[in-house]
1. Ranking Lys150, Lys189 by Cβ neighbours within 10 Å, fewest first, what do you get?
2. Can you grab the distance from the C-alpha centre of region 91-144 to the C-alpha centre of region 200-241, Å, no decimals?
3. Let's test this: bin the Cα-Cα distances of region 195-251 at 10 Å from zero up to the farthest pair and state each bin's percent.
4. List the trypsin sites (Lys or Arg not before Pro) within region 190-258 that fall in a DSSP loop (any state other than H, G, I, E or B) and whose Cβ has at most 10 other Cβ atoms within 10 Å.
5. Using the 2.2 N^0.38 Å rule of thumb for compact globular proteins, work out how region 46-208 stacks up: its C-alpha Rg over that value, please.
6. For every other residue with a beta carbon closer than 14 angstrom to the beta carbon of Asp240, add +1 if it is Lys or Arg and -1 if Asp or Glu, then tell me the sum.
7. GluC sites (Glu not before Pro) within region 50-156: which are DSSP loop residues with at most 16 other Cβ atoms inside 10 Å?
Amino acid sequence: MTTDTKRAHASALWIALTAAAACTSETVAAPPAPPVNWHSFDARAVDAGTSAPTDKERALAEAYAAALGSASFAQLAPLVDDEAHFSFPGLDEAHGRDPVVHAHDILFGAFDQRHFAATHVWRTASEQTVAWTMTGVQARDWMRVPASQKPVVIEGVTLLWTKDDGSVADVHLYFDVAAVRAQLGAGPKGLTPFVPPVPPAGPPQFVDQTGKEMDNVGTVRTALDALENSEPMYLNSFTDDIEVHTLERADPARGKDEPRAYYRATHKAIAQLDTTLVNGWSMPNFAVVEYTIAGEQIAPLGWIPLQKDAVIRLHVVDVCEIRDGRIARVWRYDNPSEIVAPGP
């Protein structure tokens, strides 16, 4: 649903309430103007790039990756603000330093010999998108999978909202639970297991926001709007040699057959499809967007069978490389298991 539509709904509601109040009695005063915050209908953060991260913030991505590999996450707590927030698709949200650390323990604590490597970082003055790879061994039960002592490789991304003192105020973490379960021999039918490659040792690649880049988020927003109801406009958002990387395939898909198939499969499975941009940041030649896809599930969606609760919502992060005003490459992070909600 677009911002203009949401504003129109709010205005219509206000007119209806005012009319109803006027009809009840001449002695009843009209209610005060509603405290509508129009910015609440927009994406939460499209950073303008007017300042730069502090030195402590610049060190955070690698410190976060190291903390996730520390014993009992001992190095993580000092990085987290007292009032920090945490989210992962399919788990309850967490608030406060200890609950945020505990949420990381739920997701990763079952794996011994944990090693996290930050591979790419897209950085603004107040947010960092950290792509990472974790290696480890499943030593304890995890997501209803008994301890297997099997090695795993997990690829994921974390959105970190930062403060000037280098602390973390908000964490949105994404990886594909079903893909990891498949590595452990407990994946859903229809999902082919594969082990992602382990990245070479070395520092991550950084892309810093300059404040002078094009509106690359706007390019991706156009594609997301078109995903709702216009296949030609959606396909026009991509270059002919578009490359799409996902967490459930060993190799990227190349060419416009991929977005065409994605569009048709999504509409076949989801009626009244709605996309909502939640957060977005433009970088030189890149856009990072966090968004939701929602609607009524009317058919299986990939390996996900038709659910009893037909209304579904999928949270997604896309890191998009932009070339000549079109999307040339996509790294997609999501957790489709949130729809079937297999708890820890």
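Every read-out reported here was derived from the displayed coordinates using simple, explicitly stated rules and does not represent laboratory data. What you see is a predicted model, and the numbers here were worked out from it, not measured in a lab. Every residue, glycine among them, receives a Cβ derived from its backbone with ideal geometry; neighbour counts consider all protein chains shown.
1. Ordered by Cβ neighbours within 10 Å, fewest first: Lys189, Lys150.
2. Answer, in whole Å: 25.
3. Binned Cα distances yield the sequence 17, 29, 36, 17, 1.
4. Working: sites: Lys212, Arg221, Arg249, Arg254, Lys256; in loops: Lys212, Arg249, Lys256.
Passing sites in region 190-258 are Lys212.
5. Working: Rg = 15.8 Å, N = 163, 2.2 N^0.38 = 15.2 Å.
That ratio works out to 1.04.
6. Summing Lys and Arg as +1 and Asp and Glu as -1 gives +1.
7. Glu93
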